[in-house]
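Notes follow once the structure below has been shown.
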């Protein structure tokens with residue numbers, strides 16, 4: 001007896017090209033009421049010859065159940081988009097939308113990654129341990145260079161100027177170390 005391999009997946013990605021997609025392509029996806037994530041417009045990507053690639057968006061659809069290639073292809077046909085691809089890793093895919101892990105590629109603004117229909121891209125954009133330590137080091141340098149002596153000043157600065165990297169860290173897990181660091185500066189001054 002031969003076992004059938006299930007090739008269906010819950011998460012799929014594909015390109016949308018501005019010149020071929022219907023003007024209401026986002027509405028078409030939103031009307032499905034399925035969470036999906038949109039990349040910034042990739043209009044600065046280059047190929048291996050240094051030639052500018054055709055501008056495109058990456059789209060990631062997050063179904064609640066497995067879908068076949070054929071089911072997803074029906075969607076991409078409506079959008080005049082190329083063939084869909086299975087997503088192997090959600091975090092890696094969303095980070096790719098800004099080329100976060102590929103410094104040799106143009107770095108798109110991760111704040112331009114947009115969640116639709118309840119998708120939350122921030123879940124997948126959280127800093128890795130190494131990135132978190134580097135950002136804490138940056139905050140320590142900022143505190144020293146700017147004579148910060150209250151955590152409120154650091155949080156206010158992060159909320160206004162570093163909303164995409166420092167602010168989430170301070171809100172989620174780094175305020176404790178930064179507050180203690182700032183307190184130790186105050187105690188040393190006394």
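We did not get these values from a lab; they are worked out from the coordinates using the rules stated. Please read these numbers as outputs of a predicted model, since none were measured by experiment. When we count neighbours, we look across all protein chains shown, and the Cβ atoms used for this are built from the backbone with ideal geometry, even at glycine.
What the table shows:
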{"read-out": "Among 68, 174, 129, residue whose mean-square fluctuation peaks in a GNM of the chain (springs only between Cα atoms under 10 Å)", "value": "129"}
{"read-out": "Length gained when the stretch residue 145-residue 48 is fully extended (0.36 nm per residue, less Cα-Cα span)", "value": "30.7 nm"}
{"read-out": "Among 73, 162, 95: highest mean-square fluctuation, GNM of the chain, C-alpha pairs under 10 Å", "value": "162"}
{"read-out": "Ranking of 88, 125 by count of other Cβ atoms within 10 Å, fewest first", "value": "88, 125"}
{"read-out": "Residue order, fewest to most surrounding Cβ atoms within 10 angstrom, among 75, 185, 37", "value": "185, 75, 37"}
{"read-out": "Computed log₁₀ I(q)/I(0) - Debye formula, equal Cα scatterers, no solvent, the stretch 129-189, q 0.18, 0.29 Å⁻¹", "value": "-0.55, -1.39"}
{"read-out": "The chain: angle of helix 129-145 to the longest principal axis, Cα-based, in degrees nearest 10", "value": "40 degrees"}
{"read-out": "(i) 1, 7, 15, 21, 22, 18, 11, 4, 1, 0; (ii) 1, 7, 13, 15, 14, 12, 10, 9, 7, 5, 3, 2, 1, 0, 0, 0; (iii) 2, 5, 4, 3, 3, 4, 3, 3, 3, 3, 3, 3, 3, 3, 3, 3, 3, 3, 3, 2, 2, 2, 2, 2, 2, 2, 2, 2, 2, 2, 2, 2, 1, 1, 1, 1, 1, 1, 1, 1, 1, 1, 1, 1, 0, 0, 0, 0, 0, 0, with the label sought being that of the calculated P(r) over Cα pairs in 5 Å bins from 0, in percent", "value": "(ii)"}
{"read-out": "The chain: calculated mean residue ellipticity at 222 nm from DSSP helix runs of at least 4, using -39500 (n - 2.57)", "value": "-11000 deg cm²/dmol"}
{"read-out": "Folded to 0 to 90 degrees: helix 175-189 orientation relative to the chain principal axis, Cα", "value": "20 degrees"}
{"read-out": "Choice from 97, 15, 163 showing the highest fluctuation, given a GNM over the chain with Cα pairs closer than 10 Å", "value": "163"}
{"read-out": "The chain: angle of helix 69-78 to the longest principal axis, Cα-based, in degrees nearest 10", "value": "90 degrees"}
